[in-house]
Amino acid sequence: MEGIPACGASGRSRVAHRSRLSALCRSAALIGLLAGAGEARELQPAFLRVAPTGATPGLSAQDRFATLEDALARAAELRRRGEAGPIVIALEPGLHRVARAVRIGPEHSGTRDGPLVIRGAADGTSRLTGSLPLQSVPVPADLRDRVPEVAREAVRAYRLPETLAREPRFRQPNRLGDRSPHVMEVFDRTGALRPARWPNDGYAKVQPVERFGLPAFVFEDAPGRPWEHEPDLWAEGFWRWDWLQETIPVGQVEPRRGVLALAKAPYEGVKAGARAALVHALSELDEAGEWWRDRQRGLLLAWPPAGAPELEASVAESLILADRARHVRIETLRLDRARGDLVVVKGGEDVVIRHSDLGWAAGRAAVFEDVAGGGLEGCTIHDIGATAVRLAGGDRVDLLPGGLFLRDSRVTRFARLSPTQNPAVDVDGVGVQVVGNYIHDAIGYAVHLRGNDHLVSRNEVARLLRGVSDSGAIYAGRDWTARGSAIQENYIHDIEPAPGFEVKGVYLDDMASGLSVKRNLFVAVQKPVFIGGGSDNTVSENVFVSSSPAVSLDSRGETWMAEAVTDPHSEIRAAYAAVPVASARWRERYPGLATLLSGEPKVARNNTIVDNICLNSRELVFEQAGDPRRQIILFNTILSVPGLVLPAGREPETLARLFADRKVPLRMDLAGMRRDILPESPFRAISR
């Protein structure tokens with residue numbers, strides 16, 4: 001693990017902490033013990049059942065409940081009576097609706113040998129959802145007249161639940177720094193519809209103008225529709241940079257000139273030629289799959305997809321909130337349709353989600369913060385509005401790992417509502433492990449690293465960052481102290497930009513330092529490894545195939561970032577001051593960091609680039625004062641194989657055979673990264 005402390009195995013951890021983490025590891029092993037009823041006879045689990053929504057629990061069924069909340073109340077009662085063994089709450093096959101988050105707290109918590117288990121049917125037919133069905137009503141004549149003619153015969157009206165009808169806006173803004181904004185969504189049986197939008201696909205170019213004392217713009221090719229009559233109109237756009245999309249309410253509209261003023265300023269304003277679109281306009285409801293909310297009448301107008309008139313709307317902010325809960329398992333369950341995050345775990349210890357399907361959240365799928373041990377394994381995570389998973393735990397002061405993980409899971413189609421600044425996995429703290437996952441096909445990126453000593457290993461990362469620029473599939477940046485993380489034995493491929501844009505594979509941005517990038521395979525990646533001004537990074541034993549340049553390096557601390565290095569109030573200096581770099585623990589783990597400011601903090605130096613293979617790829621590029629003489633560059637090999645044709649699907653086993661035939665040495669077990677180990681449904685893995 002390249003020196004990263006494993007769960008319960010850090011030689012420098014305090015004895016008490018090591019004992020606690022060892023206990024967590026033993027608890028995690030208990031998951032398998034509880035996979036089937038009766039396998040652990042000595043534990044004698046108590047079983048509680050939850051009937052699907054609308055079913056009658058049964059008068060004589062003392063252990064069968066109408067809701068998950070009722071079953072948890074019974075579990076708390078059993079704990080108060082001294083029940084120390086496992087308590088299994090089984091959600092029966094069918095639909096289980098919640099209108100608000102179900103809370104799991106200390107009173108429900110399990111023990112190391114007797115966890116609380118919330119379990120669905122093994123075949124995936126138990127579903128916990130945060131949406132409610134909508135009642136169809138006649139379409140008001142005045143609204144039908146405002147709909148584009150093409151939609152008038154197809155549009156339908158639905159009565160909204162009171163909680164959705166009375167809210168001033170259908171969503172929250174999404175600006176730089178905002179996390180997981182809550183958004184109302186509408187669903188048919190296949191997935192989410194979208195608010196009526198112009199243009200229907202892509203974006204239109206805008207020009208900035210001065211109006212109303214607000215940031216304002218005009219579209220270069222506006223259709224001339226009555227946007228001034230839209231009471232809850234929004235604009236989403238890449239207003240200044242192609243790495244940042246922001247969604248902001250429209251404050252005012254000047255119909256004569258087509259000027260739209262934003263209620264709040266985007267980051268660094270609006271540039272000429274920026275890409276933008278309008279969202280939630282009745283006058284733009286012109287194709288199947290679009291909707292619009294009438295707040296005054298509490299109605300939804302929608303053009304349902306063909307053959308799918310039954311619609312639902314998300315009402316629950318979250319589905320499950322684990323608040324200081326301990327020893328909890330959530331397994332073989334489908335969770336979907338929250339206006340915010342599906343599952344939130346705050347505090348507590350040893351909380352694991354396994355073999356479950358998490359989808360269609362407007363916010364995040366799962367959030368683990370300040371939790372001692374836990375995470376997700378064997379899950380399918382898809383169609384998430386923002387970041388898919390956040391894992392933040394451990395003690396940065398003493399560099400003690402938190403024991404959080406995402407393992408053996410598929411993550412796809414995330415960042416669908418907030419397409420920038422939202423990775424598949426947001427990692428923070430100490431010692432998070434992201435291992436054995438398949439992260440693919442999304443506009444977002446794979447991993448954002450903050451903190452120390454994380455492990456990103458044996459993941460396949462593919463087809464990300466479409467339509468954005470200046471972004472990386474695995475990202476770290478703007479913190480000298482965020483060291484010790486290992487990015488190793490990953491298969492990263494098909495990370496290529498749209499015309500005119502540029503993207504990276506591993507992006508060590510804005511002086512990120514002290515990370516290792518080892519034994520990875522990069523195939524068809526525009527800039528596989530980018531070191532943006534940092535020092536003490538290691539790039540070794542990687543194979544770069546049709547990916548150029550293999551390594552890019554600059555010394556931006558000597559150019560445009562020089563002021564940030566000397567300014568004690570800058571972001572990078574504030575991060576440096578926030579941790580005890582002069583403590584014995586930090587000096588032992590990261591020698592030289594305590595004296596960084598008295599050395600050459602502006603200079604990119606001591607980066608080790610050794611023993612890499614570049615196949616049909618250029619080796620190194622130095623930019624912005626980057627000096628190869630300040631780095632360690634040895635034993636890199638450039639190979640040329642004319643006529644090399646890569647398999648279209650980039651399937652790991654096929655690619656491994658191709659490289660073996662061509663005698664290209666790989667430093668990782670590519671053939672072992674079979675995608676069929678991670679089936680599209682986690683429930684198929686259980687049934688095999």
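Coordinate-derived values only; no laboratory data. The shown structure was predicted, so the numbers you read here are calculated from the model rather than taken from an experiment. Cβ sites come from the backbone with ideal geometry, for glycine too, and all protein chains shown count toward neighbours.
Quick notes on this structure:
- Among beta bridges identified by DSSP and lying wholly in the stretch 65-203, the antiparallel ones come to about 40 percent.
- For the stretch 133-313, a/c is not less than 1.5, where a ≥ b ≥ c are the root eigenvalues of the C-alpha gyration tensor, and a/b tops b/c. That puts it in the prolate class.
- When the chain is described by a simple charge dipole with +1 on each Lys and Arg Cβ and -1 on each Asp and Glu Cβ, the residue from 245, 258, 204 located farthest towards its positive end is 245.
- Shape of the stretch 470-672, Cα gyration tensor, a/c cut at 1.5: prolate
- Antiparallel beta bridges, as assigned by DSSP with both residues in the chain, represent about 25 percent of the total such bridges.
- Size of electric dipole in the stretch 133-313: Cβ of Lys, Arg +1 and of Asp, Glu -1, about Cα centre, debye, nearest 20: 400 debye
- Here the extension length gained between residue 585 and residue 640 equals 15.1 nm, from 0.36 nm per residue of separation less the Cα-Cα distance.
- From least to most packed, judged by other beta carbons within 10 angstrom and beginning with the fewest, 244, 646, 335 follow the order 646, 244, 335.
- Here the dipole of the chain is about 1180 debye; that uses its Cα centre as origin and unit charges on the Cβ of Lys and Arg (positive) and Asp and Glu (negative).
- Cα gyration tensor shape of the chain, rounded if a/c is under 1.5, else prolate or oblate by comparing a/b with b/c: oblate
- Cβ-defined net charge surrounding residue 450, 11 Å radius [Lys, Arg +1; Asp, Glu -1]: 0
- Among 611, 408, 341, the ranking by other beta carbons within 10 Å of each residue's beta carbon, starting with the fewest, stands as 611, 408, 341.
- Length gained on full extension, residue 681 to residue 632: 13.1 nm, using 0.36 nm per residue less the C-alpha separation.
- The Cβ shell under 11 Å around residue 189 holds other residues with a net charge of -3, Lys and Arg each +1, Asp and Glu each -1.
- Charged side chains reduced to their Cβ positions (Lys and Arg at +1, Asp and Glu at -1) give the stretch 485-592 a dipole of some 400 debye around its Cα centre.
- Net charge, residue 611 excluded, C-beta distance under 9 Å - Lys, Arg +1, Asp, Glu -1: 0
- Extension gain from residue 136 to residue 152, taking 0.36 nm per residue of separation minus the Cα-Cα distance: 4.2 nm
- Kyte-Doolittle at least -0.5, axis length at least 15 Å by Cα - qualifying DSSP helices, the chain: 15-33, 68-80
- A Förster distance of 35 Å, applied to the separation of the beta-carbon atoms of residue 220 and residue 95, puts the FRET efficiency at 0.15.
- Helix-only mean residue ellipticity at 222 nm for the chain, each DSSP H run of n ≥ 4 adding -39500 (n - 2.57), per residue, nearest 500: -3000 deg cm²/dmol
- Ordering 243, 291 from the fewest to the most neighbouring beta carbons within 10 Å gives 243, 291.
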